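K.L.:
Questions regarding the structure given below will be posed in turn.
The values are calculated or read from the model by the stated rules, or taken from the named source; none is laboratory data. As the structure is a computational prediction, the values presented were derived from the model and not from experiment. In this analysis, Cβ positions are derived from the backbone assuming ideal geometry, glycine residues included, and neighbour counts consider all displayed protein chains. Accessible surface is based on the protein model in full, side chains and every heavy atom, while ligands, DNA and RNA are left aside. Shrake-Rupley method; radii C 1.70, N 1.55, O 1.52, S 1.80 Å.
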Amino acid sequence: MNALTETLGQKLGRAGGVNLLPLVVAAVAFVLIGAPSSWVTLTVAGLAMGMMLFLMASGLSLVFGLMDVLNFGHSAFVSFGAFISATVLAGLGGWLTADSWVLNSLALAAAYLAAICFGLVAGWFFETVIIKPVYRDHLRQILITIGAMIVAEQTILAFWGGTPLSVARPNFLEGSWIIGDVSIEIYRAFAFALGAVVFIMLYLVLNRTRIGLLIRAGVENREMVEALGFRVDRLFVGVFMLGSALAALGGAMWAGYETLITPALGGQLMIVVFIVVIIGGLGSIEGTLLGAILVGLMTNYIGFLAPKLALASNMILMVAILLWRPNGLRPAVK
Amino acid sequence: MTLLSIRNMKTDIGQYAVLHDISFDVPEGGVFVLLGRNGAGKTTTLRSIMGLWKPSPGSVLFKGEDITSHHTADIARKGIAYVPENMGIFGTLTVDENLILATTSGRFDPARLARIHALFPALEQFRDKQAWSLSGGQKQMLSVARAIIEPRALILIDEPTKGLAPSIVDAMAGAFREIAQTTTILLVEQNFTFARSLGRDMAVIDDGRVAHSGSMEDFAADTALQDRLLSLSA
């Protein structure tokens, strides 16, 4: 029996192993949902949500993996990214509604760029002023980053007020593609494509460059990287800034996805983001993507099949995966 | 000529005083061996030299320069390599990636790489394999190879024979002899036979203090001293 289980495990490993999980979930959902058109719509929505969650979670995962820093204030970058991009889009309303996809795209690019720039600068400030004094002290990290999250939320309230803010979408991303009886919302397809491009870029940086090699090594054994002559603390500032910028971009994309945002947006998403990071395995970009896609798909499938279970579905998924693999699906350290 | 000089080094780890008073000089060239019982403070001495734990008070002089308060990375850049007891291998990186990470330029010097492959043929055979899949001996080879992928003045090696098969230990001794022709090695070792075959000078650490220092030849000849300091036959 053990030999059979081992052989099956090896065969599954060669076929892709845990990477096949989203396919398994999608296949099971296909049978349960029954209607192919609904299944396609839900799958695209799940993939788009997964990609946006990946953007928000990737930085958090790398920061925890590299410096063992628990940053509960990460949600602030998501919220600010969403509000800053919404404000830029509102300011460029003329370009957004123009009958030119070039102007539409420029408005969207400006909004995303503003969010990314904010993320970079705020990330540098956050790391230098708030995180650095509490390195290697988890309790203080939790307290101070939760405090920073509250301050950030209140700052958003002071600047933008408590009324939900409506987010404009560019003309060319409005509407849906209708293929047969399948309807695919254009913005969701766009979010998936943009997330995929960012993942590929991040993957190439981590796996094809020297700085990526240093980050991967630092996630595994920070002390040894320093003993080889590299200042991990300086590398960490860069990683923190990158992670914050990605979170802000994720927030900006989420704002367009929801079209109505409140200052609590970041805090609400953080629970899901933490689940993604834990499921994927700390410090692993591939694991974070896998976790994000799984959470995105499960949220949409369960929301359709058993709406009352929708809130609990991610928790159940996390518990099931941790019982099976306590270090997550693809942990960075073996 | 003295390459490394440790003066009255005291190191605490948390609330525990591990090193009380360590002083010894490592001459340039050859293998200097640090001996001592389990828990005597040998590993703490190497980590304190590398800046991973900060001694206070006391000083570490490398080529005459005080490096006590320097950051670990800056100490490494001065030409000191470290092979820790747990080998410090990056398991998810390939063998070649582990090696290239230890170069300052990010490129291999073909002559040095060829020398490493001649010393440790397994590293050439498995160069694209992830390091976690290597055997214990191969991981130790990779850890040592990483220390010599570029010219260094001093290599700190912590218990390299621990848990290795006798044939690998012999291969490791041969490699160390060759490395010691061009680089000074400060070796922490509990395997006295292995240490004696390599060391020219030595010191024994006992309870966080240097209990004896001198030539390995004299120490090897004094079995009473060995019994007292290392409990080899006690």
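K.L.:
Residue by residue through region A:26-56, note down the ones that are closer than 14 Å to A:ASP181 by Cβ, open to solvent by 30 Å² or more (accessible area, probe 1.4 Å) and not aliphatic (A, V, I, L, M).
P.N.:
A:GLY34, A:PRO36, A:SER38, A:TRP39, A:THR41
K.L.:
Here is a list: A:VAL225, A:VAL239. Which entry is within 14 Å of another protein chain (Cβ to nearest Cβ) and either touching a Leu at 6+ places or on another chain (Cβ under 7 Å) or within 19 Å of A:PHE83 (Cβ to Cβ) (or both)?
P.N.:
Every option except A:VAL225 fails the conditions.
K.L.:
Pick out the one residue from A:ALA306, A:ALA227, A:ALA292 that is more than 18 Å from A:MET51 (Cβ to Cβ) and at pLDDT 95 or above.
P.N.:
Answer to the selection: A:ALA227.
K.L.:
Evaluate the following for A:ALA189: is it within 24 Å of the chain's Cα centre (by Cα) and more than 9 Å from chain B (Cβ to nearest Cβ)?
P.N.:
Judged against the criteria, A:ALA189 is a match.
K.L.:
Does A:ILE84 count as in a helix (DSSP H, G or I) and at pLDDT 95 or above?
P.N.:
For A:ILE84, the condition - in a helix (DSSP H, G or I) and at pLDDT 95 or above - is met.
K.L.:
Suppose the filter is open to solvent by 10 Å² or more (accessible area, probe 1.4 Å), part of a helix (DSSP H, G or I) and in contact (Cβ under 8 Å) with a residue 40 or more places away in the chain; does A:ILE211 pass it?
P.N.:
So A:ILE211 does not fit the description; no.
K.L.:
Name the residues in region A:222-244 that are open to solvent by 10 Å² or more (accessible area, probe 1.4 Å) and either more than 18 Å from A:GLY283 (Cβ to Cβ) or among the aromatic types (Phe, Trp, Tyr) (or both), would you?
P.N.:
Selection gives A:LEU228, A:PHE230, A:ARG231, A:ARG234.
K.L.:
Let me ask something else. Taking the condition of being among the hydrophobic types (A, V, I, L, M, F, W, C) and part of a loop (DSSP other than H, G, I, E, B), how many residues in region A:31-78 meet it?
P.N.:
Result for region A:31-78: 4.
K.L.:
Do you know which of the residues in region A:216-268 that are among the polar types (S, T, N, Q) and assigned to a helix (DSSP H, G or I) is nearest to A:LYS132 (Cα to Cα)?
P.N.:
Among them, the one singled out is A:SER244.
K.L.:
Another question about this same structure. All but one of (1) open to solvent by 10 Å² or more (accessible area, probe 1.4 Å); (2) within 14 Å of chain B (Cβ to nearest Cβ); (3) in contact (Cβ under 8 Å) with a residue 12 or more places away in the chain hold for A:LEU249; state the number of the condition that does not hold.
P.N.:
The failed condition is (2).
K.L.:
Being β-branched (Val, Ile, Thr) and within 11 Å of chain A (Cβ to nearest Cβ) is the filter here; which residues of region B:50-89 pass it?
P.N.:
B:THR72, B:ILE75, B:ILE80, B:VAL83, B:ILE89
K.L.:
Of these, B:LEU164, B:LEU154, B:LEU134, which one is closer than 30 Å to A:SER284 by Cβ and either open to solvent by 30 Å² or more (accessible area, probe 1.4 Å) or touching a residue at least 12 places away in the same chain (Cβ under 8 Å) (or both)?
P.N.:
B:LEU134
K.L.:
In addition: Please verify whether region A:132-143 includes one or more residues that are of a type in the set (Phe, Trp, Tyr) and open to solvent by less than 70 Å² (accessible area, probe 1.4 Å).
P.N.:
Within region A:132-143, one or more residues are of a type in the set (Phe, Trp, Tyr) and open to solvent by less than 70 Å² (accessible area, probe 1.4 Å).
K.L.:
Of everything in region B:90-99, what is open to solvent by 10 Å² or more (accessible area, probe 1.4 Å) and at the interface with chain A (Cβ under 8 Å from one of its Cβ atoms)? Give them in sequence order.
P.N.:
If the condition is that a residue be open to solvent by 10 Å² or more (accessible area, probe 1.4 Å) and at the interface with chain A (Cβ under 8 Å from one of its Cβ atoms), then B:THR92, B:GLU97 are the ones that fit.
Quick grid of which residues meet (1) assigned to a strand (DSSP E or B); (2) touching a strand residue (DSSP E or B) at 6+ places or on another chain (Cβ under 9 Å); (3) among the aromatic types (Phe, Trp, Tyr); (4) open to solvent by 10 Å² or more (accessible area, probe 1.4 Å):
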position: B:ASP21; (1), (2), (3), (4): yes, yes, no, yes
position: B:GLY29; (1), (2), (3), (4): no, yes, no, yes
position: B:ALA40; (1), (2), (3), (4): no, yes, no, no
position: B:TRP53; (1), (2), (3), (4): no, yes, yes, yes
position: B:VAL60; (1), (2), (3), (4): yes, yes, no, no
position: B:ALA73; (1), (2), (3), (4): no, no, no, no
position: B:GLU85; (1), (2), (3), (4): no, yes, no, yes
position: B:SER105; (1), (2), (3), (4): no, no, no, yes
position: B:LEU113; (1), (2), (3), (4): no, no, no, yes
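K.L.:
Hey, A:VAL219 hits all of (1) open to solvent by less than 20 Å² (accessible area, probe 1.4 Å); (2) β-branched (Val, Ile, Thr); (3) more than 14 Å from chain B (Cβ to nearest Cβ) but one; which does it fall short on?
P.N.:
For A:VAL219, the exception is condition (3).
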